[in-house]
Each structure stands twice: as structure tokens, then as C-alpha cells.
1. Of everything in the range 9-58, what is closer than 23 Å to residue 73 by Cα and basic (Lys, Arg)? Give them in sequence order.
2. Looking at this structure, is residue 40 buried (at least 17 other Cβ atoms within 10 Å of the Cβ), modelled with pLDDT of 95 or more and not aromatic (Phe, Trp, Tyr)?
3. Please go through the range 60-97 and pick out each residue that is basic (Lys, Arg) and either on the phi > 0 side of the Ramachandran plot or modelled with pLDDT under 90 (or both).
4. Cβ-Cβ under 9 Å, sequence separation 6+ or interchain: first residue in the range 58-73 and surrounded by 12 or more Cβ atoms within 10 Å (Cβ to Cβ) and outside any helix (DSSP H, G or I), partner modelled with pLDDT of 95 or more and among the small types (Gly, Ala, Ser). Which pairs?
5. Report whether or not residue 53 is part of a helix (DSSP H, G or I), modelled with pLDDT of 90 or more and among the aliphatic types (A, V, I, L, M).
6. What number of residues within the range 10-40 satisfy the criterion of being in a helix (DSSP H, G or I) and either in contact with a strand residue (DSSP E or B) (Cβ under 8 Å, 6 or more places away or on another chain) or not small (Gly, Ala, Ser) (or both)?
7. For residue 28, which of the numbered conditions (1) surrounded by 15 or more Cβ atoms within 10 Å (Cβ to Cβ); (2) within 13 Å of the chain's Cα centre (by Cα); (3) not polar (S, T, N, Q) fails to hold?
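The values are calculated or read from the model by the stated rules, or taken from the named source; none is laboratory data. All values reported here derive from a predicted model rather than from experimental measurement. Cβ placement follows ideal geometry from the backbone for every residue including glycine, while neighbour counts extend to all protein chains displayed.
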Amino acid sequence: MEETRKVYENVERVRAVMGVTKKHIADKLGLSLQGYRHIASGGVALDVERLKIISEALGVSVDIFFNDRLTDSVIKNMESIGKKRDNKQPNQLQQTG
């Protein structure tokens, strides 16, 4: 049986793959970086309002943080978009150079 990840773990996974800094999320929440680190580590529980602000900052639905499969799907999509973007950049540089 698979162990279910915690909501804060899924938030951190999505945040990291999207390249959004902890500082950016902390600012959106009106917290210090240290304050957000307590949330990111699971030391402080995420309430609904904060989770909503985080999801808006990341451009994703709150639902994904509660479902490991949805989180994995979003991460996979973001990684494939990043790979496509990385693969296009060298070609664009050659065409403009």
C-alpha cells in the first residue's frame, strides 16, 4: 500500500517544479520567509485561505494538493513543458545567430 503524501509536501513539490521561490509564496501570504518555511516543512498547518492563496500564486487548483495522482500529473506536465522549452531554445538561438 502506498503512503499518502501530506498536503504541504504536494504544495512544495509543485512549487519547486514550477520554479517559484519560497520567498515569492511567503510574500503572497504576507509572511516572512521563515514563516513560510514553517508551513513548507509541515511545522504549521495550512489553513484553507492560505492554501487558496498558494494555489492562485502557482496557477493551479487547490484540489491537486489533496490528491497525489493529480499532483504527480501536474508535475509531469510541467516537466514536459520545461523539456520542450529547453529543446526549442538551442534551435531558436541558431536561427537568430
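1. 13, 15, 22, 50, 52
2. No: the conditions fail for residue 40.
3. Answer for the range 60-97, where residues must be basic (Lys, Arg) and either on the phi > 0 side of the Ramachandran plot or modelled with pLDDT under 90 (or both): 83, 84, 85, 88.
4. Cβ pairs passing all conditions: 61/55.
5. Values: part of a helix (DSSP H, G or I): yes; modelled with pLDDT of 90 or more: yes; among the aliphatic types (A, V, I, L, M): yes.
When the stated conditions are applied, residue 53 passes them.
6. 21
7. Condition not satisfied by residue 28: (2).
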